[in-house]
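Reviewing the structure listed below.
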Amino acid sequence: MTLCRMEMIFPPGFFTVMMHLVTHLATEAKIGGPVCYRSMWFVERYLGKLKSNVRNRAHPAGSICEAHLADEAMVFCSKYIIGFETKHNMPSRNEDGEELVGHPDVSQRPTLFPHVGVQLGKPRNYVMKSLAKVQAHRYVLFNCSKVNSYLRAHADEVTSRRRVNPNTLEKIQNETFHEWFKAHIKSLEKKDSIGGVENDIRWLARGPVSAAKRYRGFISRGFRFRPKHLDKVTQNSGVMLTAKTSSYAAAGDATPVLDDVTYYGRVIDIIELNYSGQFSVVLFECEWVDVFSEEGMKKDKYGYTLVNFSHLIHKGEKIEHEPFIFPNQADQVFYVEDEMNPGWSVVVKPPKPRDSYDTGDLESAADIESEPFHVSHLGEMFKKKTNDQHWVRTDIEGTLVDANNNAPTNEE
């Protein structure tokens, strides 16, 4: 029935022997089970490998035996050679272990941002624009757990001068915190109290230099990412990020709500910030679809997510834009053009990367990340003082009492 329906679409020359084979493979697998229990395909492939070892056609069996013994002897000896790559210890194609990262001195790796992943190709040097440097540096500061105490101190200083709501405080910190942080660390240095501050914090406060590096690709968590302008054949530039985003009911709302919002975008550049040669941080610069409008993202009747890259969140050059993310925060996705809706693409999330296995719920130290600082973490700072007090307990279930039974009358 499948072939008859396909004959209505494709020409007769399309139906070769291989087309019939592919059509019947699914049915054969359902009836007979795995191929290795009922077929000679894997045996024939191994026999073809043995025949390729024949060098003397007068003695084919001897050639196969000598080649097999030589292969076994080389594999046995290679197990005793440290650092020698064999077919038994060959790393994965998208291996991102720390031993492969090109940093010569392992002892001087930074403690704030450990290197997670490995770059591809030879880096190119370029000079960052002032706006991009501020945006990248601000994202690094706001996603560093050891900077949270300074963010709280800056919030206390802002609220002590004037009364502001969380929305205004969030905007003020986005615009001025990196300058305040640099001046604050300098003031500690003048007071000779810098001994209590880590050395990496001192260099982090000074900010990155304008000279940065640009990579052609990056491997993180088993996924291979490439910028959009270099991604001609494969779709390795699609990324997805789930982040907590604050929402306000009104301009003066004192209780912002943090919701998990999924963003869809594409990598347009892979850069490495240089903090005065002390340590470096790799970031993905992305273009994000406007997921808050129906022109940028929608759901079809089948439940699939569709995005439109002609409607982006970050249009123009503004300091409040956030185009940067860490490589270990990105999940890879693919975008398939929807033929029924021109301009829209269907989001397809691939399965787990190759050679990635679920070994349980154990988490490594690199996978455990602290939650970034947000103005909603300031607690009672923005709550309005009221005289309304609730004396009803909420930690236990109440008891229902029928008010009509033994109800007192007016005379009583």
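General remarks:
- Hits in the range 260-270 - residues which are among the polar types (S, T, N, Q) and buried (at least 18 other Cβ atoms within 10 Å of the Cβ): none
- Answer residue from the range 271-297, given it is assigned to a strand (DSSP E or B) and among the charged types (D, E, K, R) and is surrounded by the fewest Cβ atoms within 10 Å (Cβ to Cβ) among those: 272
- Residue satisfying all of: in the range 113-157; β-branched (Val, Ile, Thr) and out of contact with any Leu (no Cβ under 6 Å at 6 or more places or on another chain); farthest from residue 244 (Cα to Cα) among these: 127
- Residues that are in a helix (DSSP H, G or I), over 30 Å from residue 3 (Cβ atoms) and not aliphatic (A, V, I, L, M) do occur in the range 29-47, at least one of them.
- Summed over the range 8-26, residues that are in contact with an Asp or Glu (Cβ under 8 Å, 6 or more places away or on another chain) and in a helix (DSSP H, G or I) total 0.
- When residues of the range 112-127 are limited to those that are of a type in the set (Val, Ile, Thr) and under 15 Å from the mean Cα position of the chain (by Cα), the one nearest to residue 141 (Cα to Cα): 116
- Among the candidates 154, 137, the residue that is buried (at least 17 other Cβ atoms within 10 Å of the Cβ), in the same structural domain as residue 182 (by TED's automatic domain parsing) and at pLDDT 90 or above is uniquely 137.
- Count of the range 190-242 residues which are in a strand (DSSP E or B), in contact with a helix residue (DSSP H, G or I) (Cβ under 9 Å, 6 or more places away or on another chain) and within 24 Å of residue 125 (Cβ to Cβ): 6
- Search result, residues across the range 44-79 that are more than 42 Å from the chain's Cα centre (by Cα) and among the hydrophobic types (A, V, I, L, M, F, W, C): 47, 50, 54, 58, 61, 64, 65, 67, 69, 70, 73
- Of the residues making up the range 25-38, just one is surrounded by 10 or more Cβ atoms within 10 Å (Cβ to Cβ), over 39 Å from the mean Cα position of the chain (by Cα) and at pLDDT below 80, namely 38.
- Hey, residue 246 without any contact (Cβ under 8 Å) to a residue 40 or more places away in the chain and surrounded by fewer than 18 Cβ atoms within 10 Å (Cβ to Cβ) or not: no
- Residue among 116, 164 that alone is within 27 Å of residue 284 (Cβ to Cβ), part of a loop (DSSP other than H, G, I, E, B) and out of contact with any Ser or Thr (no Cβ under 6 Å at 6 or more places or on another chain): 116
- Candidates 268, 185, filtered to the one that is modelled with pLDDT of 85 or more, part of a strand (DSSP E or B), touching a helix residue (DSSP H, G or I) at 6+ places or on another chain (Cβ under 6 Å) and not aromatic (Phe, Trp, Tyr): 268
The values are calculated or read from the model by the stated rules, or taken from the named source; none is laboratory data. Treat the numbers as computed from the prediction; the structure is a model and nothing was measured. Here the Cβ is made from the backbone with ideal geometry for all residues, glycine too, and neighbour counts use every protein chain on show.
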